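Before any comments, here is the structure.
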Amino acid sequence: MSLEKIMSISGKPGLFELKNQTRGGFLAESLLDGKKVNVSARHNVSLLSEIAIYTTTEELPLREVFKKISEKENGGEAINHKVSKDELEEYFFKVIPDYDEDRVYASDIKKVVQWYNLLTKKGLTDFEEPNDEDKAEAKKLAASTVKKDLVSAKTAKKGSQKATSSKQGGTAKSTAARKK
């Protein structure tokens, strides 16, 4: 499985695997406990394949960061994400010597290390560039979710306009009836 199907959902701990599309969003499974959750448009979701770390020269995709951590740790787990801020920054500096210290915070480093360790525990250590099929499937799922949300928003707006029109029409009819 590639990082194209792994995501972070704000307000929910850990990482999630994208499973299916649903009527109002999509279904995801927690990598922490295996529970399935419905994810709608109101959730702030980030695909790991779309996240990058700032360096002094460019933005380094998260998959590249994970590769560098994996090389440093020989495929094993990294340091515990609960160590001190200084230890996290020192470790990250060893992995990515040119990361931008002004824009990459200790909380970001903590999250990256935590995610790497979780993926490693689950045996998801293939940090290579995804194949075209995985990319297409993830894009299709993301696009259809956005499209459905736009359609449902338009439908809701039309429904409220119809309700307003019928109320106005009813008022006009009763006024006309009274005049006769």
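Read the figures in this text as sums done on the coordinates, not as results from a lab. Values in this document were obtained by computation on a predicted structure and should not be read as measured data. We place every Cβ from the backbone using ideal geometry, glycine too, and count neighbours over all the protein chains shown.
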The lone exception for G76 - which of (1) more than 16 Å from T120 (Cβ to Cβ); (2) in contact (Cβ under 8 Å) with a residue 24 or more places away in the chain; (3) in a loop (DSSP other than H, G, I, E, B) it fails = (1)
inquiry  = Go through the range 42-95 and report how many residues are in contact with a strand residue (DSSP E or B) (Cβ under 6 Å, 6 or more places away or on another chain) and aliphatic (A, V, I, L, M).
reply    = 7
request  = Give the range 15-44 a look and list any residue that's closer than 20 Å to L124 by Cα and part of a strand (DSSP E or B), or say none.
outcome  = F16, E17, L18, K19, N20, L27, A28, E29, S30, K36
remark   = Quick count over the range 89-99, residues being part of a loop (DSSP other than H, G, I, E, B) and surrounded by fewer than 13 Cβ atoms within 10 Å (Cβ to Cβ), is 2
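Criterion first (polar (S, T, N, Q), assigned to a strand (DSSP E or B) and under 17 Å from the mean Cα position of the chain (by Cα)) does Q114 satisfy it?
Working: polar (S, T, N, Q): yes; assigned to a strand (DSSP E or B): no; under 17 Å from the mean Cα position of the chain (by Cα): yes.
Here the answer is no, as Q114 does not meet what is asked.
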task = Return the residue satisfying two criteria in turn: it lies in the range 8-23 and is more than 18 Å from D108 (Cα to Cα) and touching a residue at least 60 places away in the same chain (Cβ under 8 Å), and of such residues it is nearest to the chain's Cα centre (by Cα).
result = L18
Answer from D86, D102 - the residue that is outside any loop (DSSP other than H, G, I, E, B) and farther than 20 Å from L3 by Cα = D86
task = Under 7 Å between Cβ atoms, at least 6 apart or on separate chains: pull out the pairs that start in the range 37-50 with a residue that is touching a residue at least 60 places away in the same chain (Cβ under 8 Å) and end on any residue that is in a strand (DSSP E or B) and among the acidic types (D, E).
result = none
